[in-house]
Amino acid sequence: MRMKAADEVAASLSASIATILTSPRPTKTHPPLERLENARRSLPQHLPDLGLEMEETFRHVREDVVPGLSQSSRSSRYYGFVTGGSTPAASLADNFVTAFDQNVGVHLPNESVATDVEDRALSMLCELLNLEPLQWPHKTFTTGATASNVLGLSCGREYIIKFASGDRNVSVGEIGIYEAMLQASINRIQILTTAPHSSLSKAASILGLGRASVTSVGLPDAPHLFDLPLLKKLLSTPGTASIIAVSASEVNTGLYATTGMRQMQELRELSDMYGAWIHVDGAFGIMGRLLTDPEDRNIIQCCEGLELADSITGDAHKLLNVPYDCGFFLSRHREIAAQVFQNPNAAYLNSASGDDIPSPLNIGLENSRRFRALPVYASLLTYGRQGYRDMLERQIAVARGIAEMIHESQDFELLPRSKRTKEDILDDIFIIVLFRAKSDDLNAVLVEKINASRQIYVSGTSWEGKSACRFAVSNWQADAKKDLPIIKQVLTDIVTA
Ligand SMILES: *Cc1c(COP(=O)(O)O)cnc(C)c1O
């Protein structure tokens, strides 16, 4: 590669990236199939022996690869999974992350301000979520909510076995789960939850707890809510240690597992009594704590008391709208963090500073880490509390607009089915709308037909054994006035086709 070419390519690339970041949002959620096929065909089969000219590499990237990329983050009408886009502030900051390529593993105050920025971003994030930063001394950025759930269950695992072992202070981190359970006289670990995200089972598998340890304790007619008598019975099983996992906004329906302060207090009392750990999976639902409008009182209430948990999972690449990959993890137990994540016998990895900022590599999964705090930091500064609240209110307005449209339609039905009034249903809608077509024939092809429009994009799922369709509104550009008419048009076209 010639070095001269690098700065020419950099100059023209910078200009084209700036154009992408400031140009109007795309009208299509995805490239047409033939463009995808062209992009795929352009990929070389093998590593070149002699490298290409840099100019040639980037001609290929710009002209062949980029046209084949999804617009899911750039379009406000991509409603698949729960994804979020990236605010301009976050995207711009991400360019600095790449340009300076910091390794944010060790807190080295005489060398870089990166760990201070990360610490400040995490504190501001706590403030955004109405959590007192000092009460969450173990906080860190992760690669996403899955990684945060691994952190949550691993801290929980450490804590509940230690609790069961009493004065012997047994540590899973030190002697391993089998020996620790023997010494603590525990023969079963259970994760008690309702409507969990699939990543909770994955985390249980990774940590040696097993997917089978994930136990649903939902009410028969409202499976997202805790059956408290059943929960109490399971918690009190002799020889058993428990983690309670609270799904704070479930990914299919957006419903919350807890109904307010009183219930969280009850969970807290039970946990303290039986030595359980409360982990909240609030990947996107934790953002509900930003809301203040009386119209959002149901969501506000469901988010009350989440601060009583021991640990919280959040995703920044979802509703915070920063680039992948970025999640966060908060825990109230700093000493547990050290027992699980401390790199042993590596004094050089500890910072010598007198301040209170921990080295990230001693409180989380990774040792070397990307400076993923910077986009969060820049976006929080740019939007502030009010800006993020406005953004969430716009997303909720789109979701409720969709729900209303579906509720009033002859052809679709809103899920979960309920006999409540329209107002009651809309009040529970956060950013997710689950529905299906009343006709089985249409329902079978509904997701495919909607997504073929390339105007909007939804996810398929199943509900009560039948296929269903789901909108998740998570992009920072959500705008009811612009987006709802297009959604309505697509749905109308499908029904009348
Ligand atoms: C998205 C999601 C996850 C997994 O998050 P990733 O960022 O994909 O790792 C976990 N829990 C819930 C509730 C989610 O919505």
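Stokes-Einstein diffusion for the range 261-326, with the hydrodynamic radius set to the Kirkwood value over Cα pairs and evaluated at 37 °C in a medium of 0.692 mPa s, equals 252 µm²/s. In terms of its alpha-carbon gyration tensor, the range 149-271 comes out prolate; a/c meets the 1.5 threshold, and the first ratio a/b outweighs b/c. Cross-link pairs exceeding 20 Å in C-alpha to C-alpha distance, out of Lys232/Lys419; Lys28/Lys449; Lys318/Lys438, comprise Lys232/Lys419; Lys318/Lys438.
Return the tail of the calculated pair distribution for the range 102-370, meaning the percent of Cα-Cα pairs more than 33 Å apart. Could you put the intermediate results ahead of the total?
Numbers: 6629 of 36046 pairs.
Result for the distance tail: 18 percent.
With Cα atoms defining each centre, the range 256-322 and the range 30-94 are spaced 36 Å apart in the structure.
Heavy-atom accessible area for Glu53, with the other protein chains in place and a 1.4 Å probe, reaches approximately 80 Å². Using a probe of 1.4 Å on the protein chains alone, the accessible area found for Asp428 is around 40 Å².
Of Trp476, Trp277, the residue with the largest accessible area leads and the full order is Trp476, Trp277 (1.4 Å probe).
On a 1.4 Å probe surface of the protein chains, which of Ile160, Ile206, Ile425, Ile300 comes out largest in accessible area, and what is the full order? Can you show the working numbers first?
Details: Ile160 0, Ile206 105, Ile425 20, Ile300 45 Å².
These residues rank, largest area first, as Ile206, Ile300, Ile425, Ile160.
With every protein chain kept in the model, how would you rank Met273, Met264 by accessible area, 1.4 Å probe, largest at the top? Don't skip to the end; give the middle numbers.
Details: Met273 115, Met264 0 Å².
Most to least solvent-accessible, the answer reads Met273, Met264.
Using the Cα centre as the reference, give the magnitude of the dipole from point charges on the C-beta atoms of the range 1-75 (Lys, Arg: +1; Asp, Glu: -1; all else neutral), rounded to the nearest 20 debye. It would help to have the intermediate numbers written out before the result.
On the way: 10 positive and 10 negative charges, 84 e Å.
Using only the charged Cβ atoms, the result is roughly 400 debye.
Pair-distance distribution P(r) for the range 311-427, from all Cα-Cα distances in 10 Å bins starting at 0: 10, 27, 24, 19, 13, 6, 1 percent.
How many percent of DSSP beta bridges within the chain run antiparallel, rounded to 5?
On the way: 26 of 44 bridges.
About 60 percent, rounded to the nearest 5.
D for the range 386-496, whole µm²/s, Stokes-Einstein with Kirkwood Rh over alpha-carbon pairs at 20 °C and 1.002 mPa s: what number?
The estimated diffusion coefficient comes to 150 µm²/s.
Toward the positive end of the charge dipole of the range 87-176, with +1 on the Cβ of Lys and Arg and -1 on the Cβ of Asp and Glu, the farthest Cα among Gln135, Ala114, Asn103 is that of Gln135.
Can you give the calculated 222 nm mean residue ellipticity of the chain, where each DSSP H run of n ≥ 4 adds -39,500 (n - 2.57) and the sum is split over every residue, rounded to the nearest 500 deg cm²/dmol?
Working: 17 runs with 216 residues, N = 497.
That calculation yields -13500 deg cm²/dmol at 222 nm.
How big is the Cα convex hull of the chain in projection, averaged over all directions, in nm²? It would help to have the intermediate numbers written out before the result.
Working: hull surface 105.5 nm².
So the Cα hull casts an average projection of 26.4 nm².
Here's the picture: charge each Lys and Arg Cβ at +1 and each Asp and Glu Cβ at -1 in the chain, and of Pro485, Val398, Leu230 the one pushed furthest to the positive end of that dipole is Pro485. Each residue of the range 368-373 was assigned a 3J(HN,Hα) from its phi angle through the Karplus expression (A = 6.51, B = -1.76, C = 1.60, θ = phi - 60°), giving 6, 9, 6, 7, 6, 6 Hz with x at Gly and Pro. The overall shape of the range 1-142, judged from the alpha-carbon gyration tensor, is oblate: a/c is not under 1.5, and a/b is no greater than b/c.
Computed on the Cα atoms alone, the convex hull of the range 6-85 gives a volume of 116 cubic angstrom per residue.
Averaged per residue, what accessible surface does the chain expose to a 1.4 Å probe, in Å²?
That works out to 46 Å² for each residue.
Ordering Leu125, Ile312, Ala203 by the projection of their Cα atoms onto the charge dipole of the chain, which places +1 on the Cβ of Lys and Arg and -1 on the Cβ of Asp and Glu, puts Ala203 at the extreme positive end. Accessible surface for Tyr324 stands near 130 Å², nearest 10, in the context of the full protein assembly shown (1.4 Å probe). Between the alpha-carbon centres of the range 166-191 and the range 122-165 there is a gap of 21 Å. Rounded to the nearest whole Hz, the Karplus-based 3J(HN,Hα) values (6.51 cos²θ - 1.76 cosθ + 1.60, θ = phi - 60°) of the range 403-416 follow the sequence 4, 5, 4, 6, 4, 8, 7, 6, 9, 10, 10, 7, 10, x, with x at glycine and proline. Expressed as a whole percent, the accessible area of the chain that falls on carbon and sulfur atoms is 54 (1.4 Å probe). Taken about its Cα centre, the range 41-147 carries a charge dipole of about 560 debye when Lys and Arg each add +1 at the Cβ and Asp and Glu each add -1 at the Cβ. Protection proxy ranking of 334-340, 219-225, by the mean of other Cβ atoms within 10 Å over each peptide's residues and highest first, is 334-340, 219-225.
Using unit Cβ charges (K, R positive; D, E negative) and no other charged atoms, how large, in debye to the nearest 20, is the dipole of the chain about its Cα centre?
Working: 48 positive and 58 negative charges, 163 e Å.
Computed about the Cα centre, the dipole is about 780 debye.
Between amide H atoms placed 1.01 Å from N, distances below 5 Å from Ser359 occur with His107, Ser351, all of them 5 or more places distant or on a separate chain.
The values are calculated or read from the model by the stated rules, or taken from the named source; none is laboratory data. Just so we're clear, the structure is a prediction, and the values are computed from it rather than from any experiment. Ideal geometry is used to build each Cβ from the backbone, glycine not excepted, and the neighbour counts take in all protein chains shown. Remember, those area values only see protein heavy atoms, side chains included, never the ligands or the DNA or RNA. Shrake-Rupley method; radii C 1.70, N 1.55, O 1.52, S 1.80 Å.
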